[in-house]
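I have placed the structure first, in the form of structure tokens, so that the comments after it can refer back to it.
The values are calculated or read from the model by the stated rules, or taken from the named source; none is laboratory data. These figures come from a predicted structure and were not determined experimentally. Please note: Cβ atoms are built from the backbone with ideal geometry, for glycine as well, and neighbour counts cover all protein chains shown. Protein only, heavy atoms only, side chains kept; ligands, DNA and RNA dropped before computing areas. Shrake-Rupley method; radii C 1.70, N 1.55, O 1.52, S 1.80 Å.
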Amino acid sequence: MEKEVMKMSRVLVIPYPGQGHINPILEFSKYLASKGLKITIITNKTVKKSAQIPLNNSIQIETISDGSEQEKKPESIEEYFKRFKREFSKNLAKFLDEPKSWDFSAKLIVYDSTMPWVLDIAHQRSLLAASFFTQSCSVSALYYYVKKGLLKFPYEDSEVCNLPFLPALEMKDLPSFSEFSDPKQIVMTHLVDQFSNLEEVDWIFFNTFDKLENEILDWMASKWSIKTVGPTFALPQKDTKLSKNHMISLFDPIYNEACTEWLNSKETSSIIYVSFGSIASLKKEQMEELAYGLLMSNWDFLWVVRASEEEKLPPNFTSLALERGCLIVNWCHQTEVLSHKAVACFMSHCGWNSTLEALTLGVPVIGMARWVDQTTNSKFIVDVWRVGVRVKPNENGIVEREEIVKCIEKVTQGDEGKEMRSNAYKLKQLANEAVEKGGTSAGNIEDFISELLCS
Ligand code: UDX
């Protein structure tokens, strides 16, 4: 089969240009490349510039404009989404129709599910199309229910949402949009639109695995042609020259070596890793409470504070933390950090990638969700998978330092902590089984390649 695959067409891959969207689709692409498929990633110039992957025969990156390089910055999210769609779709169509100086035998476009309009562009050119979901299946189901009018957004305060194959969800567990002053509900509409044309899509990929979300996945699979392909970051890359270090990082990973050196100097399960992903931002007051909570906990910690958040740290905090033997960096290689034996737990915003990475690497979580899917992911972490706790904010929405200390103690100590660690270990086994040869996700990808060959 490998030889046959080598002969066959190229797969065009279109990530949405955000870090949490690029990572899972890139890992999936690398795996397809390892199976002999040729990959062309189509994206903007900034993403291409941030690529640390050898652009060999199996993976190449082509750029088109999505309007982001224009001097005039969009004044609202609505304007940004409109411009992005207008510019990207126009330039994608042009790109596909232009003659190429290289072997352009494309048969399929895999696109981020938040760009459903790529489907028409693909089908108009007789290309097959696959939608790639970067959120959990459970959260995606909630967006579907909103589309169907079965879940009304904005939600009622007292609402408890009882939907088939999902746990009972209170308002605090539902996707949150409270950080937006968004009267037109643009972000929710954008996410609900993922379901606008799924009936016509040839394949739907979810970055999750069967045993993590089995019931809701079965339900979704009864409606659409779903294939679980995750956790994509754990898909083995041994058949290719590409590795975990071949990434596209929109942030500067200069602190990698410092992190590894620092982690190597620490005892097993002795540090707390703190990170809120690529977008979430904390209020100044919240940064202060977190900073003092971490210091009060007496644990060593590695805290990723993005450059744009740094000014919110209390004065002298960084030097105090460094004196205490802790480390603060602007960005790191997160999966490398989470795989390190020194890490005892992960204080996270519960973005879907961070959640999957923690589960797959067996690290318990302290959930400090900010918005969109993170609130629902943290509910699952605590009540469904039972691998962590969730912070409780005060009436002003601030998580106080004492609460931070309490949560750290709960996850790292006592019987409850022990149970969470044991559950995390079990999930780690299941996640890794899914991507190994014969596993559900690996098998789904094999099936997909065979189907693509026959189409
Ligand atoms: C967001 C949403 O929260 C997520 O749920 C959605 O599906 C995609 O967009 P983000 O907030 O950035 O993403 O969080 P997350 O999904 O956790 O993705 C962050 C990624 O950046 C992870 O893959 C993580 O490993 C990586 N990362 C983060 C680093 O490599 N280094 C860091 O220092 C921090």
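Listed here are the residues, each with its yes/no results for (1) of a type outside the set (Val, Ile, Thr); (2) within 16 Å of the ligand (Cβ to nearest atom).
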site	(1), (2)
Ile14	no, yes
Gly20	yes, yes
Pro24	yes, yes
Thr40	no, no
Pro54	yes, no
Gln70	yes, no
Glu79	yes, no
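Matching residues to (1) closer than 21 Å to Asn396 by Cβ; (2) surrounded by fewer than 21 Cβ atoms within 10 Å (Cβ to Cβ):
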| position | (1), (2) |
| --- | --- |
| Gly277 | no, yes |
| Gly293 | yes, no |
| Asn298 | no, yes |
| Val304 | no, no |
| Lys312 | yes, yes |
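Val229 - would you say it is within 27 Å of Gln374 (Cα to Cα), in contact with a helix residue (DSSP H, G or I) (Cβ under 8 Å, 6 or more places away or on another chain) and away from the ligand (no atom under 13 Å from the Cβ)?
yes
Test Ala291 against the stated conditions and say whether it is small (Gly, Ala, Ser), away from the ligand (no atom under 12 Å from the Cβ), outside any strand (DSSP E or B) and under 23 Å from Trp262 (Cβ atoms).
Values: small (Gly, Ala, Ser): yes; away from the ligand (no atom under 12 Å from the Cβ): yes; outside any strand (DSSP E or B): yes; under 23 Å from Trp262 (Cβ atoms): yes.
Yes, satisfied.
Which condition does Leu327 not pass, out of (1) closer than 26 Å to Ser138 by Cα; (2) within 13 Å of the ligand (Cβ to nearest atom), if it passes all the others?
Here Leu327 clears every test but (1).
Restricting to segment 335-355, count the residues that are more than 7 Å from the ligand (Cβ to nearest atom), assigned to a helix (DSSP H, G or I), surrounded by fewer than 24 Cβ atoms within 10 Å (Cβ to Cβ) and not acidic (Asp, Glu).
2
Taking Tyr273 and the conditions (1) assigned to a loop (DSSP other than H, G, I, E, B); (2) under 21 Å from the mean Cα position of the chain (by Cα); (3) of a type outside the set (D, E, K, R), which numbered condition does it fall short on, given that it satisfies the others?
In the conditions (1) assigned to a loop (DSSP other than H, G, I, E, B); (2) under 21 Å from the mean Cα position of the chain (by Cα); (3) of a type outside the set (D, E, K, R), Tyr273 misses (1) alone.
Does Ser50 fit the bill of being under 19 Å from the mean Cα position of the chain (by Cα) and open to solvent by 10 Å² or more (accessible area, probe 1.4 Å)? Show your work before the answer.
Details: under 19 Å from the mean Cα position of the chain (by Cα): yes; open to solvent by 10 Å² or more (accessible area, probe 1.4 Å): yes.
Against the criterion (under 19 Å from the mean Cα position of the chain (by Cα) and open to solvent by 10 Å² or more (accessible area, probe 1.4 Å)), Ser50 qualifies.
Given the conditions (1) among the acidic types (Asp, Glu); (2) open to solvent by less than 50 Å² (accessible area, probe 1.4 Å); (3) under 24 Å from the mean Cα position of the chain (by Cα), which single one is not true for Glu403?
Just one mismatch for Glu403, condition (3).
Assess whether Met247 counts as being touching a strand residue (DSSP E or B) at 6+ places or on another chain (Cβ under 7 Å), crowded, with 17+ Cβ neighbours inside 10 Å and not hydroxyl-bearing (Ser, Thr, Tyr). It would help to see each step written out before you state the result.
Details: touching a strand residue (DSSP E or B) at 6+ places or on another chain (Cβ under 7 Å): yes; crowded, with 17+ Cβ neighbours inside 10 Å: yes; not hydroxyl-bearing (Ser, Thr, Tyr): yes.
Against the criterion (touching a strand residue (DSSP E or B) at 6+ places or on another chain (Cβ under 7 Å), crowded, with 17+ Cβ neighbours inside 10 Å and not hydroxyl-bearing (Ser, Thr, Tyr)), Met247 qualifies.
For segment 424-441, which residues satisfy the criterion of being in a helix (DSSP H, G or I) and crowded, with 18+ Cβ neighbours inside 10 Å? First the steps, then the outcome.
Taking segment 424-441 as the starting set, the residues that turn out to be in a helix (DSSP H, G or I) are 424-435, 440-441.
The answer is Ala424, Leu427, Lys428, Ala431, Ala434, Val435, Thr440, Ser441.
Yes or no, residue by residue, for (1) under 20 Å from the mean Cα position of the chain (by Cα); (2) among the hydroxyl-bearing types (Ser, Thr, Tyr); (3) within 14 Å of the ligand (Cβ to nearest atom):
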{"site": "Pro175", "(1), (2), (3)": "yes, no, yes"}
{"site": "Met188", "(1), (2), (3)": "yes, no, no"}
{"site": "Trp203", "(1), (2), (3)": "yes, no, no"}
{"site": "Asn207", "(1), (2), (3)": "yes, no, yes"}
{"site": "Asp218", "(1), (2), (3)": "no, no, no"}
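Can you tell which of Leu361, Leu313 is more than 8 Å from the ligand (Cβ to nearest atom), touching a helix residue (DSSP H, G or I) at 6+ places or on another chain (Cβ under 7 Å) and under 24 Å from Glu433 (Cα atoms)? Lay out the reasoning, then the answer.
Working: Leu313 fails: under 24 Å from Glu433 (Cα atoms).
Sole residue among the options that is more than 8 Å from the ligand (Cβ to nearest atom), touching a helix residue (DSSP H, G or I) at 6+ places or on another chain (Cβ under 7 Å) and under 24 Å from Glu433 (Cα atoms): Leu361.
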